[in-house]
Amino acid sequence: MAATILVIDDEEHLRWILSKALNKTGYRVLTAATGQEGLKLVSEQMPDLVLLDLRLPDLDGITILKTIKKDQPQLPVIVITAHGTVETAIEAMKAGAVDYLIKPFDLDELKLVIERTLTLVELSQEVDYLRGELRERQGEGLIGQSPSMVEIRELIGRIADTAATVLIQGESGTGKEVVARQLHLQSSRANKPFVAINCAAIPENLLESELFGHERGAFTGANARKKGKLELVRGGTLFLDEIGEMPLTLQAKLLRVLQERTYERVGGTEPLKLEARIIAATNRDLRKAIQEGKFREDLYYRLQVIPIHLPPLRERREDIPLLVQHFLRKYDPGKRLKGVAPEAMALLQQYHWPGNIRELENTIERAVILCTGHEITPENLPREISGDKQRVAGVLLDFPPEGINLEEVERELIRLALVRSGGNQTQAARLLGITRSALIYRMEKYGL
């Protein structure tokens, strides 16, 4: 998408010349004849670069520059003036200008300055993004300040550099692989491979070969020796995702590997030494699976030398704003959006998130794409999050034949009141006709 350049200059002829020349170069150009008009366009149109004249009929150019840099510090401003002195140039650069041109200037020179500035801004944004990714990889990947996340981060710090087998349990989308990667990255194995295998995504007849490898001729189609994941990991970390879906026959073989620290390729006899650390994860209740005869009890205890339980997002709602900001940085690296409107954030915090962090990430990515303004609003959120206004009323007015769950209705009314009030408990209580203390009691009761 073409960059947007805002020209703030009181000379109509110069605005016309710059608009024509920069449009021809491929830029989208906005123009303003006064400082007030320029500041309004900066706020409403979010340009990528500003050309600012220091002499304007209503406001001083330096004042405008300081206002722009206060509200949008990353927005580059190039100052242009016919009354240039060393002092004004220094003052403009101190106020945050990225460059300074004196009228009359060469259009080709201006185009080069603009191109260079936009390139530097783009590189700076990429560097900021990559630094953020690096920080995440080095231990900040688990986002949140809720007590449960603080405890998990502390546990990871204590056990990362051990060889202990870890079992991570939690609902789908809670970030089990993120925890596994943090255990790897914070260990002395960080420069070795991290290999993940999804036990539910590979057919049973291929999973054993994928894990252990096979010799040539081991089965039909085995035309050459193949190394398995256990061999390829070479002293790193093997992450067995969805371990609860592993067939019982393969569970027995994995148990033997964990006990004896050796294994053979399928069709082979040569013992190979296990050099990898094993981390497993599941969204299933393995104790229930043991009772149903679908998971080996001895393997369960071998895997959960150190258990980690990841709570669902609905149990750590205080982390939602931090996660939202993280995903905004990821999907809006150019900082086109200012953020999330308070009423939209209230909706995000009230929603029950059955898909957990993965669903939240998808929601923010979708909202960034759909948002045409400068911040995400309730209109950019899916209907199940923004709320169907007829939902509760429909239940009350059209009493269904099968009956209703009164507590669910009460919970939904409280949720909608909180959404309507933007999270203000006093206003929400007034909407419901109850006291604030009664509202707080019900919020705690329903986990809101």
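Kindly check whether there is at least one residue in the stretch 308-326 that is open to solvent by less than 80 Å² (accessible area, probe 1.4 Å) and over 30 Å from residue 367 (Cβ atoms).
If we filter the stretch 308-326 for residues that are open to solvent by less than 80 Å² (accessible area, probe 1.4 Å), which is where we start, we get 308, 310-313, 316-317, 319-326.
Checking which are over 30 Å from residue 367 (Cβ atoms) leaves us with 308.
Yes: one or more hits.
Which count do you get for residues in the stretch 175-190 that are part of a helix (DSSP H, G or I) and open to solvent by 40 Å² or more (accessible area, probe 1.4 Å)? Spell out how you get there, then give the answer.
The first filter runs over the stretch 175-190 and keeps only residues part of a helix (DSSP H, G or I), leaving 176-185.
Next, from what is left, pick out any that are open to solvent by 40 Å² or more (accessible area, probe 1.4 Å): 177-178, 181, 185.
Total satisfying the criteria: 4.
Report every pair of residues separated by at least 6 positions or lying on different chains whose Cβ atoms are under 6 Å apart, first residue within the stretch 314-341 and of a type outside the set (A, V, I, L, M) and modelled with pLDDT under 95, second open to solvent by 80 Å² or more (accessible area, probe 1.4 Å) and in a loop (DSSP other than H, G, I, E, B).
314/352
Where in the stretch 269-369 are the helices (runs of 4 or more DSSP H), entirely inside, with at least 1 residues that are within 24 Å of residue 412 (Cα to Cα)? Full working, then the answer.
Details: elements: 286-291, 297-303, 320-331, 342-350.
Per the criteria, 320-331, 342-350.
Look through the stretch 57-116, keep the residues that are of a type in the set (Ser, Thr, Tyr) and in contact with a Leu (Cβ under 9 Å, 6 or more places away or on another chain), and return whichever of them is modelled with the lowest pLDDT. Please lay out each step first, then the result.
Start the filter on the stretch 57-116 by keeping residues that are of a type in the set (Ser, Thr, Tyr), which leaves 63, 67, 81, 85, 88, 100.
Filter again for in contact with a Leu (Cβ under 9 Å, 6 or more places away or on another chain), leaving 67, 81, 88.
Numbers: 67: 92, 81: 83, 88: 79.
Among them, the one singled out is 88.
Of the residues that sit in the stretch 47-81 and are farther than 14 Å from residue 34 by Cα and among the basic types (Lys, Arg), which one is surrounded by the fewest Cβ atoms within 10 Å (Cβ to Cβ)?
So, considering only residues that are farther than 14 Å from residue 34 by Cα and among the basic types (Lys, Arg), the one surrounded by the fewest Cβ atoms within 10 Å (Cβ to Cβ) is 70.
Scan the stretch 63-87 for residues that are within 19 Å of residue 121 (Cα to Cα) and β-branched (Val, Ile, Thr) and report the count.
The initial filter retains those residues of the stretch 63-87 that are within 19 Å of residue 121 (Cα to Cα), namely 65-66, 68-79.
Of the ones still in play, those that are also β-branched (Val, Ile, Thr) are 68, 77-79.
Matching residues across the stretch 63-87 total 4.
In the stretch 79-113, which residues are under 39 Å from the mean Cα position of the chain (by Cα) and under 20 Å from residue 10 (Cα atoms)?
Across the stretch 79-113, the qualifying residues are 79, 92, 97, 99, 100, 110.
Would you please name the residue that is most open to solvent (accessible area, probe 1.4 Å), looking only at residues in the stretch 346-357 that are more than 16 Å from residue 370 (Cβ to Cβ) and in contact (Cβ under 8 Å) with a residue 40 or more places away in the chain?
349
Each row is one residue, and each column tells you yes or no for (1) in contact (Cβ under 8 Å) with a residue 24 or more places away in the chain; (2) not small (Gly, Ala, Ser); (3) not in a loop (DSSP other than H, G, I, E, B).
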site	(1), (2), (3)
220	no, yes, no
224	no, no, no
231	yes, yes, yes
239	yes, yes, yes
244	yes, no, yes
251	yes, yes, yes
255	yes, yes, yes
258	yes, yes, yes
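For the stretch 217-256: of the residues being out of contact with any Lys or Arg (no Cβ under 9 Å at 6 or more places or on another chain) and closer than 17 Å to residue 293 by Cα, which is surrounded by the most Cβ atoms within 10 Å (Cβ to Cβ)?
Looking at the filtered set, the residue picked out is 246.
Is at least one residue of the stretch 273-280 open to solvent by 20 Å² or more (accessible area, probe 1.4 Å), over 36 Å from the mean Cα position of the chain (by Cα) and at pLDDT 90 or above?
We begin by selecting, within the stretch 273-280, every residue open to solvent by 20 Å² or more (accessible area, probe 1.4 Å); these are 273, 275.
With over 36 Å from the mean Cα position of the chain (by Cα) added as a condition, the list becomes 273.
So of that shortlist, the ones also at pLDDT 90 or above come out as 273.
Scanning the stretch 273-280 turns up at least one residue that is open to solvent by 20 Å² or more (accessible area, probe 1.4 Å), over 36 Å from the mean Cα position of the chain (by Cα) and at pLDDT 90 or above.
Output the number of the condition that residue 2 fails; it satisfies all remaining conditions of (1) among the hydrophobic types (A, V, I, L, M, F, W, C); (2) touching a strand residue (DSSP E or B) at 6+ places or on another chain (Cβ under 7 Å); (3) part of a helix (DSSP H, G or I); (4) loosely packed, with under 14 Cβ neighbours inside 10 Å.
So residue 2 meets the others, but not (3).
Are any residues in the stretch 198-207 surrounded by fewer than 19 Cβ atoms within 10 Å (Cβ to Cβ), touching a residue at least 24 places away in the same chain (Cβ under 8 Å) and either within 12 Å of residue 265 (Cβ to Cβ) or in contact with a helix residue (DSSP H, G or I) (Cβ under 8 Å, 6 or more places away or on another chain) (or both), and if so, which ones?
Result: 200, 204.
Go through (1) more than 38 Å from the chain's Cα centre (by Cα); (2) open to solvent by less than 20 Å² (accessible area, probe 1.4 Å) and name the single condition residue 213 misses.
The one condition residue 213 does not meet is (1).
Let me confirm something: among 209, 172, which residue is more than 22 Å from residue 143 (Cβ to Cβ) and not hydrophobic (A, V, I, L, M, F, W, C)?
Details: 172 fails: more than 22 Å from residue 143 (Cβ to Cβ).
Within the list 209, 172, the selection yields 209.
Just the residues that are in a helix (DSSP H, G or I), small (Gly, Ala, Ser) and at pLDDT 65 or above, please, taken from the stretch 133-174.
Taking the stretch 133-174 first, the residues in a helix (DSSP H, G or I) are 133-140, 147-159.
Pick out the ones that are also small (Gly, Ala, Ser) and you get 139, 148, 157.
Result: 148, 157.
Please report, ordered by residue number, the strands (runs of 3 or more DSSP E) entirely within the stretch 23-132 with at least 1 residues that are charged (D, E, K, R) and free of Cβ contacts under 8 Å to residues at least 24 places away in the same chain. Full working, then the answer.
On the way: elements: 28-32, 49-53, 77-81, 99-102.
Output list reads 99-102.
Do any residues in the stretch 361-388 that are free of Cβ contacts under 8 Å to residues at least 60 places away in the same chain have Cβ atoms under 7 Å from those of residues that are open to solvent by 30 Å² or more (accessible area, probe 1.4 Å), where the two are at least six apart or on different chains, and which pairs are they?
364/331; 365/331; 368/331; 375/338; 378/343; 378/386; 380/370; 387/416
The values are calculated or read from the model by the stated rules, or taken from the named source; none is laboratory data. Keep in mind that this is a model prediction, so the values were computed, not measured. Please note: Cβ atoms are built from the backbone with ideal geometry, for glycine as well, and neighbour counts cover all protein chains shown. Ligands, DNA and RNA are excluded from the accessible area calculation, which covers all protein heavy atoms including side chains. Shrake-Rupley method; radii C 1.70, N 1.55, O 1.52, S 1.80 Å.
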